[in-house]
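Participant: This is the structure I want to talk about, given as structure tokens.
What follows is calculated from the coordinates using simple rules that are stated; it is not laboratory data. Everything numeric here is computed off the predicted structure, so don't read it as measured data. No Cβ is skipped: glycine too gets one built from the backbone with ideal geometry, and neighbour counts run over all protein chains shown.
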Amino acid sequence: MSEPQLSTTQQQNVDAYWSKNVSLIRTLLAIWAAVTFIPPLFAHQLSQITIIGGWPLHYFLGAIFPILVYLLLILAYWKKMDDLDREYGLAEEEVD
């Protein structure tokens, strides 16, 4: 079974949508990689610094901070994709 043919305008909309989608994913993946892989490189130096409650900074950057950032990345992706879907008329209808 073949796919339906799209008009030039429809194909441009599809291409623009996926271009923005891929750009968003690349940005979020770059943030994820930085938060995941950069702090361990400086763990020894960061262990000399303490934060609230006397916790070493390397512990915070390795255990607590990434989880918070990951949650924010999920929320950012959800919000941006919702906006992008609405922009291109692909938003799901809400059911009452």
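Participant: Looking only at region 37-96, count how many residues are assigned to a helix (DSSP H, G or I) and under 20 Å from T27 (Cα atoms).
Facilitator: Taking region 37-96 first, the residues assigned to a helix (DSSP H, G or I) are 37, 39-46, 52-54, 57-87.
Then keep just the ones that are under 20 Å from T27 (Cα atoms); that gives 37, 39, 65-85, 87.
Going through region 37-96 one residue at a time, the tally reaches 24.
Participant: For residues in region 53-96 being surrounded by 10 or more Cβ atoms within 10 Å (Cβ to Cβ) and of a type in the set (G, A, S), which is nearest to the chain's Cα centre (by Cα)?
Facilitator: A76
Participant: Then there's this: Filter region 1-48 down to the residues that are under 16 Å from A63 (Cβ atoms), surrounded by 11 or more Cβ atoms within 10 Å (Cβ to Cβ) and of a type outside the set (F, W, Y), then identify the one that is farthest from the chain's Cα centre (by Cα).
Facilitator: Looking at residues that are under 16 Å from A63 (Cβ atoms), surrounded by 11 or more Cβ atoms within 10 Å (Cβ to Cβ) and of a type outside the set (F, W, Y), I get S47.
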